[in-house]
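To start, I am sharing the structure in question, which I have written as structure tokens.
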Amino acid sequence: MSDFLKVSRDGDVAIVTIDNPPVNALSFHVREPLMQALVELRDDPSVAAIVIACAGRTFVAGADITEFGKPVQQPDLRAIVATLETIAKPTIAAIHGTALGGGLELALGCHFRVADAGARLGLPEVKLGLLPGGGGTVRLPRLVGAGKALKMIVSGSPIGAEEAHAAGLVDAVFEGDLTTHAVNFAREIARKGGPFTPVRDRNDGLKETDLAAFDAEAADLAKKARGLEAPIACAQAVRNAVTLPFDEALAAERALFVKLVASDQSRAQRHLFFAEREAAKIPGKDLIKRRIARIGVIGAGTMGGGIAMAFANGGYSVTLLETSQEPLQRGLGTIDRNYAVSVTRGSLTEDAKRQRLAQFTGSTDYADLADCDLIIEAVFEDMAVKKEVFGKLDVVAKPGAILATNTSYLDINEIAASTSRPQDVLGLHFFSPANVMKLLEIVRAEKTAPDALAAVVDMARRIGKVAVVVGVCHGFVGNRMLAARGAESEALLLEGATPRQIDHAFTDFGWPMGPFQMGDLAGLDIGWRNRKARGQTAVIADTLCEQGRFGQKTGRGFYLYEAGSRTPVTDPQVEALIRDKAAERGIEPRAIGGEEIIERTLYPLVNEGARILEEGIATRASDIDVVWVNGYGFPVGKGGPMFWAGLEGPAQLIERLDHWHQRTGKDVFKVAPLLRRMAETGSWEVGAVS
Ligand code: T1G
């Protein structure tokens, strides 16, 4: 017996229950007693059938990711599944919660799988830069077919129990006491008698494989991989299941897994998996959290409407407040249309749309916010306007209500100080579109109460956001570093790099798009307004804005956009403008390569992250990685800017930053002491930075 696994009997049915909180990961201390139990039960003539179940909230959620990178302790998952398939008596996996990765592979080693109606099943290894390494790429296609297996494994997205049942992955779906249902199912199966065919010998799912269609689908998925190796390997492994004998395909899967698990990309993606969870661990995490049930959102514009939807999507009731009926109704109309689009796309049912909309109350009277537990403003980005809003909230909001601002740049300490309750004030910096983007920067002001912070970190998880707690400075973490990344953009253009060349350097690095295409998408007028507010200029971007070229929304920005198209087309007028401005400044254009572009944009990005850590604006370097991957599209295969600095080599960053600092004298290249220290220690721990 073991603390992590129990064997019980219900007559002639043996029940193996894994109990390894919190998610029943297949750690070594589970695998060892599991293997022993399976061998004993296999050889016990009094056992007619074996059910494998889990205690707690979920079936096995995968291999133990913390074990990767360490020597494998036998028995590994493959050995356990192989032993399972030597058992002639029926084996049944009883699945509740999420059977993911190695958990589903364990279940695929059983003859049968039964699931609770709310269960979800998937092989998400690709999100860790891996592929299913326990036989999933070879067994899953045998049940659901190569095409569906390809989609499941390359996307990493789980499917529900009913869909799994329809696809042949699950043999029965039950409501209520799953173990009892599983035991009855097992007894019935045993009574009917075998032989019971292990999944490895079932080829019904492979028979009708249209290899040409499969290859076309795999090629299409490869295009979306954007330099990531795992999706390509996943597709290859599933193809092997179709074209190779089982054992050869299994061996090929193993070879691919061994290569991926040692790769920088998988190390980066595993780093991000744990980094996202670390970010939510704040001091006082288990404080009695203020109860948040009713939400108030002030401002029904693009941000306010998106924020209101984010809360409604998380099940909260929302009072949406505007200054008058016209903007309020316009905002509510936009929300209705957004949900209608989701219904059209099939990602939302009509009932769910109605239920979501029923969670909204519109108002133009601050008094209607009096019973809200959390009120967030998304009004015009102007300190005076924000202070006016908080002044009213100070009067109407109930004691203990959390008062949040969605400001991107303004000083939240100053806003808090304008109220009588600074302990209730904090920032909730959503990223547009707020109902879609995962990142939520939670800004801790000087006087923000720890229990208020804990409450909103908890709330963030409920609305499906990835929360990072940051300190107050201009632009907090993300936008402050974005400014450092873009500081040289104009200089690069004036010195001879075209917008297309700079954007290509970024997409070659793995970004979804480069800074100029992104600027055109977001709207160049936003940056223009910010620069004017701070008395800054950017000669090319300012000139484009003065010409009304705001980007996609005006059909012209750094690029041209044909009517209704988002595809950027090089605009000779922009390139001529750049040459003219360069000539006015006596700058002789030169050829600028991709490496220089990365050195003058992404190296300053990392350097600013080091400064942010030194100032305590971010708690951990991994928090900065979480911000950049979830808020700005930093390539997951590089783990975020601070993890990537380790891959690139801090000495290389320092040498090039020093070079550009000597050449330009610009502060953005002045190497942060912590970056120098990291080059010596390999760690971003702040400690005593000289
Ligand atoms: N290994 C180790 N720890 C894990 C873990 C895992 N597989 N999954 C979760 N944890 C920890 C997590 O770090 C957190 O720890 C706590 O459990 C709660 O997690 C051979 C190679 C199951 C949907 O990728 O998707 O199998 O912060 O906060 O929101 O082919 O956890 O409390 O200290 O996420 O309720 C494949 C990963 C592995 C699934 C639950 N499996 N996990 O979500 O809780 S590779 C996965 C999840 C593999 C085989 C391959 C989610 C969840 P702490 P949580 P949650």
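Assuming R0 = 35 Å, what is the FRET efficiency of residue 584 and residue 655, from their Cβ-Cβ distance, to the nearest 0.05? Can you show the working numbers first?
Numbers: r = 33 Å, r/R0 = 0.95.
So the FRET efficiency works out to roughly 0.60.
Of 613, 633, 563, which is farthest on the positive side of the dipole of segment 558-678, counting Cα position, with +1 on Lys and Arg Cβ, -1 on Asp and Glu Cβ, and the Cα centre as origin?
613
For residue 484, what is the net charge nearby, where nearby means another residue's Cβ is under 12 Å from its Cβ and Lys, Arg count +1, Asp, Glu -1? Working shown, then result.
Numbers: positive: 480, 485, 600, 611, 666, 670; negative: 488, 608, 667.
In short, +3.
Efficiency by 1/(1 + (r/R0)^6): what FRET value for residue 29 and residue 255, r their Cβ-Cβ distance, R0 = 25 Å, to the nearest 0.05?
Values: r = 28 Å, r/R0 = 1.11.
Here the calculated transfer efficiency is 0.35.
Now for a different question. Whole Å is fine, so just give me how far the alpha carbon centre of segment 611-634 lies from that of segment 187-232.
When both Cα centres are located, 39 Å separates them.
Here's another thing I want to ask about it. Computing the accessible area with a 1.4 Å probe over protein heavy atoms, can you report the carbon and sulfur percentage for the chain? Can you show the working numbers first?
Numbers: 15300 of 28550 Å².
Its accessible area is 54 percent carbon and sulfur atoms.
List the relative contact order of segment 544-690 as a percent without decimals, with contacts defined as Cα pairs under 8 Å and 6+ residues apart.
Details: 144 pairs, mean separation 24.0, N = 147.
About 16 percent, as a whole number.
Name the lysines eligible as straight-distance cross-link partners of residue 148: C-alpha to C-alpha under 19 Å, and not fewer than 8 places from it in the same chain.
127, 207, 223, 224
Of all beta bridges DSSP finds with both residues in segment 5-262, what is the antiparallel percent, to the nearest 5? Intermediate results must be reported in sequence, preceding the final value.
Values: 8 of 28 bridges.
Antiparallel: roughly 30 percent of the beta bridges in segment 5-262.
Which length gain, in nm to one decimal place, applies between residue 664 and residue 447 when the Cα-Cα distance is subtracted from 0.36 nm times their residue separation?
Working: separation 217, 0.36 × 217 = 78.12 nm, distance 3.97 nm.
Result: 74.1 nm gained on full extension.
Suppose we keep just the DSSP beta bridges with both residues in segment 294-474; what percent of those would be antiparallel, to 5?
On the way: 4 of 29 bridges.
Antiparallel: roughly 15 percent of the beta bridges in segment 294-474.
When Lys and Arg each count +1 and Asp and Glu each count -1, what net charge do the other residues less than 15 Å away from residue 219, Cβ to Cβ, add up to? Before the final figure, lay out each step's value.
On the way: positive: 151, 223, 224, 226, 239; negative: 210, 215, 217, 220.
Summing Lys and Arg as +1 and Asp and Glu as -1 gives +1.
Could you tell me which of 195, 58, 213 has its Cα farthest along the dipole of segment 5-262 towards the positive end, charges placed at Cβ (Lys, Arg +1; Asp, Glu -1), taken about the Cα centre?
Sorting the options by dipole projection puts first 213.
Using helices alone, I'd like the mean residue ellipticity at 222 nm for the chain: each DSSP H run of four-plus residues gives -39500 (n - 2.57), total over residue count, nearest 500.
It lands at -14500 deg cm²/dmol.
Another question, if that's okay. About its Cα centre, what dipole magnitude does segment 1-123 give when the only charges are +1 on Lys and Arg Cβ and -1 on Asp and Glu Cβ, stated in debye to the nearest 20?
Details: 10 positive and 14 negative charges, 54 e Å.
Once rounded to the nearest 20, the dipole reads 260 debye.
Among 638/666; 89/151; 532/553; 398/447; 89/192, which pairs are too far apart, with a Cα-Cα distance over 22 Å?
Working: 638/666 27 Å; 89/151 32 Å; 532/553 20 Å; 398/447 18 Å; 89/192 12 Å.
Table pairs above 22 Å Cα-Cα are 638/666; 89/151.
Along the Cα→Cβ direction, 7 angstrom out, place labels at residue 595 and residue 262. What is the inter-label distance in nm?
Going from the residue 595 label point to the residue 262 one covers 2.7 nm.
Only Lys, Arg, Asp and Glu count, each charged at its Cβ (+1, +1, -1, -1), so figure out the dipole size of segment 5-262 about its Cα centre, rounded to 20 debye. Working shown, then result.
Numbers: 27 positive and 31 negative charges, 67 e Å.
My answer is approximately 320 debye.
Now, a different point. Can you tell me how segment 107-242 classifies by the Cα gyration tensor, rounded, prolate or oblate, using a/c under 1.5 as the rounded cut?
On the way: a/c = 2.52, a/b = 1.77, b/c = 1.43.
Because a/c hits 1.5 or more and a/b exceeds b/c, segment 107-242 counts as prolate.
Now, a different point. What is the spin-label model distance, in nm, from residue 55 to residue 83 if the labels are put 7 Å beyond Cα along the C-beta direction?
Each label point lies 7 Å from its Cα, and together they span 2.0 nm.
Once a ≥ b ≥ c are taken as the square roots of the eigenvalues of the Cα gyration tensor of segment 497-584, is the result rounded (a/c under 1.5), prolate (a/b larger than b/c) or oblate (a/b not larger than b/c)? If you can, show how the numbers build up before the last one.
On the way: a/c = 1.33, a/b = 1.24, b/c = 1.07.
Judged from the Cα gyration tensor, segment 497-584 comes out rounded (a/c under 1.5).
Can I ask one more? For helix 264-279, report the angle its Cα long axis makes with the longest principal axis of the Cα atoms of the chain; keep it between 0 and 90° and round to the nearest 10°.
80 degrees
Against the longest principal axis of the chain, how steep is helix 28-42, in degrees 0 to 90 to the nearest 10, with axes from Cα atoms?
Rounded to the nearest ten degrees, it is 20.
Turning to a different aspect of this structure: Taking the Cα centre of the chain as the origin and placing charges on Cβ (Lys, Arg +1; Asp, Glu -1), which of 268, 160, 573 is farthest toward the positive end of the dipole?
160
Could you tell me what percent of the DSSP beta bridges with both partners in the chain are antiparallel, to the nearest 5? Working shown, then result.
Values: 18 of 63 bridges.
Percent antiparallel among DSSP bridges in the chain is about 30.
Right, something else. State which stretch of the chain is the longest one without any exposed GluC sites (Glu not before Pro), exposure meaning a DSSP loop state and at most 14 other Cβ atoms within 10 Å.
Values: sites that count: 175, 208, 446, 562, 615, 685.
After excluding every exposed loop site, the longest remaining stretch is 209-445.
A further question on this structure: Which FRET efficiency value, to the nearest 0.05, do you get for residue 681 and residue 46 by plugging their Cβ-Cβ distance into 1/(1 + (r/R0)^6) with R0 = 60 Å? Don't skip to the end; give the middle numbers.
Working: r = 60 Å, r/R0 = 1.00.
Between residue 681 and residue 46 the formula returns 0.50.
Another question, then. Given an 8 Å cut-off on Cα distances and at least 6 residues of separation, report the relative contact order of segment 294-474 as a percent.
Values: 349 pairs, mean separation 38.6, N = 181.
Reported relative contact order: 21 percent.
Quick check: from the Cα gyration tensor, does segment 595-688 come out rounded (a/c under 1.5), prolate or oblate? If you can, show how the numbers build up before the last one.
Working: a/c = 1.59, a/b = 1.20, b/c = 1.33.
In terms of gyration-tensor shape, oblate.
Please list, ordered by chain and number, the residues whose modelled amide H lies under 5 Å from the amide H of residue 551; skip anything fewer than 5 residues away on the same chain.
524, 556, 557
Could I have the simple spin-label model distance between residue 563 and residue 526, label points 7 Å from Cα toward Cβ, reported in nm to one decimal?
About 2.7 nm separates the two model spin labels.
What dipole magnitude, in Debye to the nearest 20, does the chain give about its Cα centre under +1 on Lys/Arg Cβ and -1 on Asp/Glu Cβ? Don't jump to the answer; show the numbers that get you there.
Values: 78 positive and 86 negative charges, 64 e Å.
Roughly 300 debye for the chain.
Can you give the relative contact order of the chain as a percent, counting alpha carbon pairs under 8 Å and 6+ residues apart? Spell out each step's value before the answer.
Numbers: 1299 pairs, mean separation 62.1, N = 690.
Rounded, it is 9 percent for the chain.
How would you order 219-225, 326-332, 74-80 from highest to lowest mean count of nearby Cβ atoms within 10 Å?
Details: 219-225: 12.4, 326-332: 15.7, 74-80: 18.4.
Most protected by this proxy first, the peptides run 74-80, 326-332, 219-225.
May I ask you to give the solvent-accessible area per residue for the chain, in square angstrom, as obtained with a 1.4 angstrom probe? Intermediate results must be reported in sequence, preceding the final value.
Numbers: 28550 Å² over 690 residues.
Solvent-accessible surface per residue comes out at 41 Å².
The values are calculated or read from the model by the stated rules, or taken from the named source; none is laboratory data. Since this is a predicted model, take the numbers as computed values, not measurements. Note that we place each Cβ from the backbone using ideal geometry, even for glycine, and neighbour counts take in every protein chain shown. Just the protein is used for accessible areas: all its heavy atoms, side chains included, with ligands, DNA and RNA removed. Shrake-Rupley method; radii C 1.70, N 1.55, O 1.52, S 1.80 Å.
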